[in-house]
Number of protein chains: 4
Amino acid sequence: MNFKSDNCAGAHPKITENLAANASGFAASYGASDVDRRAEEMFCDLFGRQVAVFFVGTGTAANALAMTAVNRPGGVVFCHPQAHIFEDECGAPEYFTGGARLAGVDGAFGRMDPDGLVEAIGRHPADFVHNGQPMAVSITQSTEIGTLYAPGDIDAISTIGRKNGLPLHMDGARFANALVALDLTPAAMTVERGVDIVSFGGTKNGCWCAEALVFLDPDMAADVPFLRKRAAHLFSKSRFIAAQFEAYLADGLWLELARHSNAMATALAEGLAASSNCRLAWQPEANEVFPVIKRQTAARLVDAGAEFHEWPMPSFGGEKLGDDEMLCRLVTSFATTEEDVARFCEIAG
Amino acid sequence: MNFKSDNCAGAHPKITENLAANASGFAASYGASDVDRRAEEMFCDLFGRQVAVFFVGTGTAANALAMTAVNRPGGVVFCHPQAHIFEDECGAPEYFTGGARLAGVDGAFGRMDPDGLVEAIGRHPADFVHNGQPMAVSITQSTEIGTLYAPGDIDAISTIGRKNGLPLHMDGARFANALVALDLTPAAMTVERGVDIVSFGGTKNGCWCAEALVFLDPDMAADVPFLRKRAAHLFSKSRFIAAQFEAYLADGLWLELARHSNAMATALAEGLAASSNCRLAWQPEANEVFPVIKRQTAARLVDAGAEFHEWPMPSFGGEKLGDDEMLCRLVTSFATTEEDVARFCEIAG
Amino acid sequence: MNFKSDNCAGAHPKITENLAANASGFAASYGASDVDRRAEEMFCDLFGRQVAVFFVGTGTAANALAMTAVNRPGGVVFCHPQAHIFEDECGAPEYFTGGARLAGVDGAFGRMDPDGLVEAIGRHPADFVHNGQPMAVSITQSTEIGTLYAPGDIDAISTIGRKNGLPLHMDGARFANALVALDLTPAAMTVERGVDIVSFGGTKNGCWCAEALVFLDPDMAADVPFLRKRAAHLFSKSRFIAAQFEAYLADGLWLELARHSNAMATALAEGLAASSNCRLAWQPEANEVFPVIKRQTAARLVDAGAEFHEWPMPSFGGEKLGDDEMLCRLVTSFATTEEDVARFCEIAG
Amino acid sequence: MNFKSDNCAGAHPKITENLAANASGFAASYGASDVDRRAEEMFCDLFGRQVAVFFVGTGTAANALAMTAVNRPGGVVFCHPQAHIFEDECGAPEYFTGGARLAGVDGAFGRMDPDGLVEAIGRHPADFVHNGQPMAVSITQSTEIGTLYAPGDIDAISTIGRKNGLPLHMDGARFANALVALDLTPAAMTVERGVDIVSFGGTKNGCWCAEALVFLDPDMAADVPFLRKRAAHLFSKSRFIAAQFEAYLADGLWLELARHSNAMATALAEGLAASSNCRLAWQPEANEVFPVIKRQTAARLVDAGAEFHEWPMPSFGGEKLGDDEMLCRLVTSFATTEEDVARFCEIAG
């Protein structure tokens, strides 16, 4: 019953199989192999246009390189204060950019508030050097708390960014989970919404280590080969990432895995909503469930071998936690089983 | 007949097998899994002491993080001008350190000259802020041109460094090849020689993507967990590197692969030395052979499917290339076959 | 009637005179001249102990170098969200440190709230690499809104910092104004309060360009000569700053100028408090006055030649601005005249 | 008899006078004052075109900001190995750019060799990420060893740069000395020669602290206001630099001072050339003289109060120093007197 994170799962057998299939023989290194080329073309097909793709090893690398690609001196990136780039990357975006600043723009249910974005940008008048200059907007899809930006939500953000000359980055560590939940094509969730750069995650959804930094307009990516190499994220045997993506994207495996993962979250949410010891803090929309669980019940779950994180958020949406309650985060993945979900709900009672 | 680089080979079956064996089931992420622990302990056993090990994805990451761990403002790193950190990393060490400088200290046969090192350090008097301050010495073992630092060579360098308070880094992208060639234990090639930090490479010798940054004195590594995360080189499913190392180091696989690789280089060198169309620029000591080949012969080899690099060094050891000659680099690996070596030599004539 | 900023004033005649007195003759460059030595000794006398002093040209340089001197990877600096380092330096602290982050800790009347500081530090558990590591606390004295940290306020902050191993930096751009307002010695406002590093400003209080970065414990400053040179803030004719400080600190000139400046602020505040068109947003404690002025009145003042900033803070201390009101910032300086103050109050009505 | 450096001189009386003249009264800060505007216009007049000018406090700041303005990831700057940016700035260019590399291109008499530049650029093929990408060429005029680039020399360099898309930076710490020696207009030494950016020094030639970073094409400078502020080099009372430049450039003062300085160097060179204890290592062309002096004679000079640097260059132009000789650097300035020159030559004998 491991619900700690989708990165606690291993890799799907088809990923490992394709690694094995590509292990023998010689191939050009540093991204020039045939399987690199094939995987890159799959990304172009996916987004329905020529895109520039860069394989890297971590989501943090994809995000930080994205910020570096649009870097400006005294630059300010607007993101939700719960964003991974803000909270969980040990300052990698700041480090990679040589000191750009992340400015938190809050909003309910993990989504950046458009009015707040307008206001935050407004605090940086052009040519006023003292407080820096806006350089980008970054959103996470699905969000850090398992909710989604609907197409109209993304439109609202990208419209504001565009007016201010700011590129829009989407941290898609859980891109697949959002995509199947919204039942959109990749282009409909990005290109058609005004997104410019995507951190396209494979690791959390069944790969070992496969992240792609995708520029929907290749012209924005002219310097990225140098940015990636300089940051030590160009792999010599790059085909080991490409081969993962080849298997991941073939025959809709990635969508299938995400659908399973989301379905497990839905089942978990329904089970917990029915329990008198739990309530849902908010409705899950992808593969993360945030229930408020009685502390006694939570202890019982842990004793039974369940693993999950207590989430440090003392209040949400106007509600406050009771002293005997805790907010928890449960993450499902391609590897989550119906049995584990059922058992968890049963113990929750 | 791919002799372009040892990173053109894929991965040894045992590496892929161990990935498969670790793919199912849940495990703690970010380096906290059991296989991470086991692999780390294997490194302690290897070096015969408690060491601090950090798994990363590229040799450039290991090197650049090593430099960052010993960084100083206005810092100067002394290395051979052919060093990978100097020539092949797109400025990653400078970038990671926020601007440290690499100062080339030349020397014959790819080895830094100790007298040159003394002189170079001497150009930076203490407390003279204008030209910065020495911060480290870095050597490559085996060197970029396939030669070796004998134990006494390393002693000479480390003694100078120590006198000047400078830590010694060893870029061991081909650590195994050097080790078996010198028939030393890891400790005898590092700890006992005054080496402080090792970039321990697995990728070039049969792994997919497995590099370990090893601090022989763990006290030097206090900040490295933050350095690695900040540089986006902490993998969430870190076990995928650990599992590679587990298989790599088990039962001496790594030494066996390196011995094969070196033997192939020796065979290649002997075959080419016997050819009237080739001569060895210098004697190979690990898994790289640098023959001077008649241009006509080289063209014939390429036509027959051989792959290798022309090496941009117009003169060496007092010799000059003839107009009809080219200096070539041939690299062997765990995957090089006797057949390919024999065929290459046969065509060379 | 220029109340825009104390940096709109020029320089006190004694400053320029001492520049002239030091202009002829040769002297050692880069900080090694006699007047450099003399000015440094004046700082030691001032703080009653051996301190390490570094002359630089801007307050931003002093602040950013202070942060760099205590830098850590993934480092987080806690400061008030109105702090100059946070709001007004175009990301210089982040840039100098290669990406440290500033975390705002709010508090009433421009003073960091100690409880908020405890909570903010608590969000960074040791050894949890994901959200970085605390590295310093920085406060501004007098604050950005003209208030003061009383000795006990500083004690409260420094105690928390010390418990967490964090050095305390004081941005003293208006150090003199705070000092005379509190009637303390420099040591009593810093050393005895647990302050470790002071950005000691001279520019805003009558110098042309004279800022000193003071380490109260010289051991913390070992690398600062290199940090300063690397940041291009070591002046070749360093004596031009030293000469300013020599005149500034001699015979209590600096205290006299600050007393005048503060007295002008008090007079201004009293005059405006008596006006029916104005009210004080809060009580001024140094040389900045923040009145709420009727928009009509403000327009009349501007027409009469008054210069000041509207301050972008829609609410404060529970109060909200009326539609016909604006919050203004009026800064006095050594050069402010009683006539200007009287005239401003008279027009305000 | 101070010939250590032109930065050991103080400031010309007219500089200090203009500081005094601008000290009273209020003025807009951060570069927006009337005297800032006037000084900027003087620069436009000087170069005969609209230029973008940024006042900073040190030559190192001007140089490092120039490099930052043309920065590229993995960037390589080509400069003479004796260049100030290479030898004397504690890595400031590398630090400001976040890790760009300086590649030394040697050449006789302190001038970069054009063929060497072609070869050095050629080592960086486009799209080959491993060894970075060229980003700029930088030359020093007059050079670090007191020689000059003739107009044709600059043309040769700029033509190569232009072919490779590389902007040309001129470190003009001694711009005036070169200008009067060559009897050129500022435009003829820069714009018409293909120079793009000039570090225009005033400090070494009679100012206290006045350096201007000049972009001959203002379009290249779009981000420089942010670069300067972020590096803490925007002065609040910026008029104190502007006022220096106003006096410096008015009525040809700067040219007059440089002519005096150069004349003193010529007199010194002639005097020493006539001595049997000295010979000139090479012919001085601006305000630096490099004699080889018998050690005994040098000791006698030092005893008599002469100050100068021994220069660390064991051989030059094919010559080697005798054991009883030392190479010295003598720098003259606006403040050097005929008496000191005569006395020095007399003691030299």
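Observations on the structure shown:
- The sum of -39500 (n - 2.57) across all DSSP H runs of n ≥ 4, divided by the residue count of the protein assembly as shown, sets its helix-only mean residue ellipticity at 222 nm to -11500 deg cm²/dmol.
- Probe 1.4 Å, all protein chains present, accessible-area order of C:Trp254, A:Trp311, largest first: A:Trp311, C:Trp254
- Compactness of segment C:66-206 is given as radius of gyration and Dmax, 14.2, 47 Å, from Cα positions.
- Each chain gives up part of its surface: D and B jointly bury about 1300 Å² of accessible area, both sides summed, for a 1.4 Å probe.
- Scattering profile of segment A:189-284 at q = 0.12, 0.15, 0.18, 0.21 Å⁻¹ [log10 I(q)/I(0), Debye over alpha-carbon scatterers]: -0.59, -0.81, -0.98, -1.13
- Set of segment A:168-182 residues, backbone N closer than 19 Å to the point 7 Å along the Cα-Cβ line of A:Ala263: A:176-182
- Computed over the Cα atoms of chain A, the ratio of the radius of gyration to the Kirkwood radius (Rg/Rh) comes to 0.98.
- 7 Å along Cα→Cβ, label-point gaps from B:Asp113 to other copies, nm, shortest first: 1.8, 6.7, 6.9
- Cα-based Kirkwood hydrodynamic radius, segment B:222-270, one decimal, Å: 13.5
- Förster radius 41 Å - calculated FRET efficiency between B:Leu280 and A:Asp223 (Cβ-Cβ, nearest 0.05): 0.50
- Per residue, chain D exposes 34 Å² of accessible surface when a 1.4 Å probe is rolled over the protein heavy atoms with every protein chain present.
- Mean shadow area of segment C:222-349 over all directions, Cα convex hull, nm²: 11.5
- For segment D:190-232, the convex hull drawn through the C-alpha positions has a volume of 78 cubic angstrom per residue.
- What separates the Cα centres of segment A:245-311 and segment C:123-182 is a distance of 42 Å.
- Cα convex hull of segment D:134-205 - mean projected area over all directions, nm²: 4.5
- Scaling the Cα radius of gyration of segment B:241-307 by the globular reference 2.2 N^0.38 Å produces a ratio of 1.47.
- With the simple spin-label model, which puts each label point 7 Å out from Cα in the Cβ direction, the C:Val302 to A:Glu307 separation comes to 6.2 nm.
- Extent of segment D:6-79 along its three principal axes (Cα atoms, max minus min coordinate, largest first): 48, 32, 25 Å.
- Position A:Glu338, label points 7 Å along Cα→Cβ, spacing to each other copy in nm (shortest first, one decimal): 5.6, 9.1, 10.6
- Distance (nanometres) between label positions extended 7 Å along Cα→Cβ at D:Glu41 and B:Arg123: 4.8
- Ascending list, in nanometres, of distances separating the C:Asp34 label from those of the other copies (7 Å, Cα toward Cβ): 3.9, 7.7, 8.2
- Calculated FRET efficiency for the pair C:Leu255/B:Leu184, C-beta based, R₀ 60 Å, to 0.05: 0.30
- Which listed pairs, of A:Lys320/C:Lys320; C:Lys204/D:Lys14; A:Lys229/D:Lys163; A:Lys229/C:Lys229; A:Lys237/B:Lys14, have C-alpha distances above 21 Å, in listed order: A:Lys320/C:Lys320; C:Lys204/D:Lys14; A:Lys229/D:Lys163; A:Lys229/C:Lys229
- Gyration tensor verdict on segment C:124-166 (Cα atoms; rounded if a/c is under 1.5, prolate if a/b is larger than b/c, oblate otherwise): oblate
- Accessible area of chain B belonging to carbon and sulfur atoms, whole % at 1.4 Å probe: 49
- Across segment C:193-251, Cα pairs under 8 Å and at least six residues apart give a relative contact order of 34 percent.
- Over all projection directions, the Cα-based convex hull of segment D:21-128 averages an area of 10.0 nm².
- Taking every alpha-carbon pair within the protein assembly as shown, the share separated by more than 61 Å comes to 18 percent.
- Mean per-residue shielding of peptide C:130-139 is 3, counting Cβ atoms of other chains within 10 Å of each Cβ.
- Of the peptides D:256-268, C:266-278, the ranking by mean beta-carbon count within 10 Å, highest at the top, reads D:256-268, C:266-278.
- For B:Cys345, the shell of other residues with beta-carbons less than 12 Å away shows a net charge of -4, using +1 for Lys and Arg and -1 for Asp and Glu.
- Loop-located trypsin sites (Lys or Arg not before Pro) across segment C:12-89 with a Cβ neighbour count of 14 or fewer within 10 Å are C:Arg49, with loop assigned by DSSP.
- Summarising the label geometry, the points placed 7 Å from Cα in the beta-carbon direction at C:Thr159 and A:Asp34 lie 7.2 nm from one another.
- Label-reachable residues, segment D:274-304, where backbone N falls under 19 Å from a point 7 Å from D:Asp323's Cα toward its Cβ: D:293-299
The values are calculated or read from the model by the stated rules, or taken from the named source; none is laboratory data. The shown structure was predicted, so the numbers you read here are calculated from the model rather than taken from an experiment. Glycine also receives a Cβ, built like all others from the backbone with ideal geometry; neighbour counts cover every protein chain displayed. We work out accessible area using only protein heavy atoms, side chains counted, and drop any ligands, DNA or RNA first. Shrake-Rupley method; radii C 1.70, N 1.55, O 1.52, S 1.80 Å.
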